[in-house]
Amino acid sequence: SYFNLAGGGDILSHQLTLNADAFTPVSEDLIPTGEVRAVANTAWDFRDGKAIGRDLKTAGGYDHNFVLNDWESSAVSNDWSLRCAARLYDPQSGRVLEIRTDQPGMQFYSGNFLDGSFSGKRGVVYQKYAALCLEPQHFPDSPNHPNFPSTILRPGEVYRHLSVYRFTCAS
């Protein structure tokens, strides 16, 4: 799902907070390298919240998996309880999106490749940064990186996860 809490324009002034002390860097073709890197003092640091456009040029756009805090302890204890993963706020409209999940990662995509070739509802054409995606998930390319959480589902096992998207207005 793509989100633009302003209902139009771009998402560069949206304030994003991610509960993630690390992210998984990607190669030139956007495949995770297998490294888990701290976000501190980088363009990928959204821990205290910031406008998406603030460090966008330095990052070259966002299409990265963020390693959500406390996922390892949840996996070890089999306590896949929901925890706050992300908060998105649009100062223009006052709309807020909060995401709670039991997943270990959050893929954040800032609409870098939207180029006007896609039309949505009522024929609206989506330009670069017109919307963003926040996708709770396991880490991309996990089967090829043993240090990533496993995505293997064995016979007889059940795959069940939960993510909650909550929309409110800031007061």
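The values are calculated or read from the model by the stated rules, or taken from the named source; none is laboratory data. The structure displayed is predicted, hence computed values, not measured ones. Neighbour counts run over all protein chains shown; Cβ positions are idealised from the backbone, glycine included. Accessible surface is based on the protein model in full, side chains and every heavy atom, while ligands, DNA and RNA are left aside. Shrake-Rupley method; radii C 1.70, N 1.55, O 1.52, S 1.80 Å.
Structure values in brief
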quantity: Potential lengthening between D115 and V164 on full extension [0.36 nm per residue; Cα-Cα distance subtracted]; calculated: 14.7 nm
quantity: Directionally averaged projected area (convex hull, Cα atoms, segment 3-53), nm²; calculated: 4.4
quantity: Solvent-accessible area per residue for segment 1-152 (1.4 angstrom probe, square angstrom); calculated: 50
quantity: Fraction of accessible area attributable to carbon and sulfur, the chain (%, probe 1.4 Å); calculated: 49
quantity: Value of [θ]222 nm, deg cm²/dmol, for the chain, DSSP H segments ≥ 4, -39500 (n - 2.57) each, nearest 500; calculated: -1500 deg cm²/dmol
quantity: R0 of 25 Å, Cβ-Cβ distance N144-E98: FRET efficiency to nearest 0.05; calculated: 0.20
quantity: Read-out Rg and Dmax of the Cα atoms in Å, derived from the coordinates shown; its label in (1) 16.4, 49; (2) 28.8, 107; (3) 15.0, 43; calculated: (1)
